[in-house]
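The values are calculated or read from the model by the stated rules, or taken from the named source; none is laboratory data. If you're wondering where the values come from, they're calculated on a predicted model, not measured in any experiment. Glycine gets a Cβ as well: all are built from the backbone with ideal geometry, and neighbour counts include every protein chain shown. Note: accessible area is taken over every heavy atom of the protein model, side chains too, but ligands, DNA and RNA are not part of it. Shrake-Rupley method; radii C 1.70, N 1.55, O 1.52, S 1.80 Å.
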Amino acid sequence: MDYPNDQAPGAPVRSGIPEHGRVPKYYAVKARIAGLLEELGEGGVIPTERDLAERYDVARETVRQAVRELVLEGRLRRQGRGTVVAGPKLAQPLSLASYTEGVRRQGRTPGRTLVTLDRFPCPEPLAAETGLTRGEPVWHLERVLLADDERVGLESTYVAVARVPRLDADFDPDSSFYAYLRDQGIAFGDADERVETVLATPREALLIGTPPALPMLLIHRVSRDTAGRPLERVRSLYRGDRFSFTAHLRG
């Protein structure tokens with residue numbers, strides 16, 4: 001197979017077109033619209049569905065499917081009654097850095113909106129997963145994640161009340177929880193993470209402001225301090241159209 005000279009190394013080989021050259025009509029239209037995005041640039045408004053159908057001599061449903069996939073991939077986004085070219089995805093490192101640090105490194109402004117902060121006895125499943133004692137008081141901190149005031153994720157953090165007894169009084173919900181822990185003299189030692197793709201529940205979609213069918217990236221993290229004691233259990237849900245994740249591996 002001849003390798004195209006203009007093939008970007010991170011792009012699908014042959015632009016996803018099989019060797020026999022036959023592709024669904026919507027995919028061919030999608031490829032042409034994708035080329036148009038580079039001309040328009042970030043924030044540029046794409047032509048209407050009707051105009052695109054006339055330009056490419058296809059049915060409006062064909063254009064609709066092509067645009068829908070580009071929205072799901074995060075290359076387009078809905079804005080009011082139109083559709084515009086989306087900016088680059090946020091590249092969040094898979095490390096013991098906070099969400100705040102990762103977003104700031106990309107020149108964006110991080111933020112959070114508090115959904116709930118409550119305490120309850122540690123249930124058995126949480127105790128088994130983290131090493132906490134069943135029945136001991138734990139905090140549950142749930143916040144919507146923001147980047148430049150755009151809702152991009154939802155985060156639930158579980159931590160023992162004994163580790164941060166004044167969390168409800170001293171902590172600013174719009175700030176970095178990891179910075180707060182460092183201010184309390186608590187240092188991270190290590191963590192286990194698991195990443196998977198899911199669809200948001202109706203409640204999650206409502207809080208993040210997305211359709212329930214939008215794919216999400218879900219990260220589960222269980223972290224410990226430098227002494228190996230359980231520290232936090234986090235469930236972070238990120239919009240699949242606005243996030244990618246990076247990791248540095250060393251042999």
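Scan around Val115 for amide H atoms under 5 Å from its own, H built in the peptide plane at 1.01 Å from N, and keep only partners 5 or more places away or cross-chain.
Hits under the 5 Å cutoff: Glu142, Arg143, Val144.
Over the heavy atoms of Ile208, what accessible area does a 1.4 Å probe trace out, to the nearest 10 Å²?
0
Kirkwood Rh, the stretch 102-223, all Cα pairs: how many Å?
15.8
Counting each pair of different Cα atoms once, what's the Kirkwood radius of the stretch 25-85 in Å, rounded to one decimal?
This gives a value of 11.2 Å.
Who wins for biggest fluctuation among Arg55, Arg81, Arg239 in a Gaussian network model of the chain, springs between alpha carbons below 10 Å?
Evaluated over the chain, the most mobile residue of the options is Arg81.
Multiply the residue gap between Arg134 and Arg194 by 0.36 nm, knock off their C-alpha separation, and tell me the result in nm, one decimal place.
Contour length minus the Cα-Cα distance gives 19.3 nm.
Any idea what the relative contact order of the chain is, in percent, if you count C-alpha pairs under 8 Å spaced at least 6 apart?
16
Starting from 0.36 nm per residue, how many nanometres of slack lie between Val45 and Glu124 once their C-alpha separation is accounted for?
Taking Val45 through Glu124 to full extension adds about 23.3 nm, to one decimal.
For Leu76, what residues show an amide H to amide H distance below 5 Å, using hydrogens built from the backbone and excluding near sequence neighbours?
Result for Leu76 returns Val71, Ala86.
Using modelled amide H (1.01 Å from N, peptide plane; none on Pro or chain starts), what sits under 5 Å from the amide H of Leu214, excluding residues fewer than 5 places away?
Amide H neighbours of Leu214, under 5 Å, 5+ apart: Ala200.
What do you get when you divide the Cα radius of gyration of the stretch 127-177 by 2.2 N^0.38 Å, with N the number of residues?
This ratio for the stretch 127-177 stands at 1.34.
Contour minus end-to-end for Glu73 and Leu36, with contour as 0.36 nm per residue of separation and end-to-end as the Cα-Cα distance?
Gain in length upon complete extension: 11.8 nm.
What ranking, highest mean first, results for peptides 227-236, 241-250, 22-31, 138-147 when packing means the other Cβ atoms within 10 Å averaged over each residue?
Listed from highest to lowest mean packing, they are 138-147, 227-236, 22-31, 241-250.
Can you list the HN-Hα couplings for the stretch 200-207, worked out from phi with the Karplus curve (6.51, -1.76, 1.60; θ = phi - 60°), rounded to whole Hz and with x for Gly and Pro?
Along the stretch 200-207, the couplings run 5, 6, x, 5, 5, 4, 5, 5 Hz.
Evaluate the distance, in nm, between pseudo-label points positioned 7 Å from the Cα of Arg55 and of Val115 along their respective Cα→Cβ axes.
3.8
Rounded to the nearest 20 debye, what is the charge dipole size of the stretch 90-246 about its Cα centre when +1 sits on each Lys and Arg Cβ and -1 on each Asp and Glu Cβ?
The calculation lands at about 120 debye.
Please list, in order along the stretch 221-228, the HN-Hα scalar couplings obtained from phi with the Karplus expression 6.51 cos²θ - 1.76 cosθ + 1.60 (θ = phi - 60°), rounded to whole Hz, x for Gly and Pro.
Here the 3J(HN,Hα) series is 9, 10, 10, 10, 7, 5, 8, x Hz.
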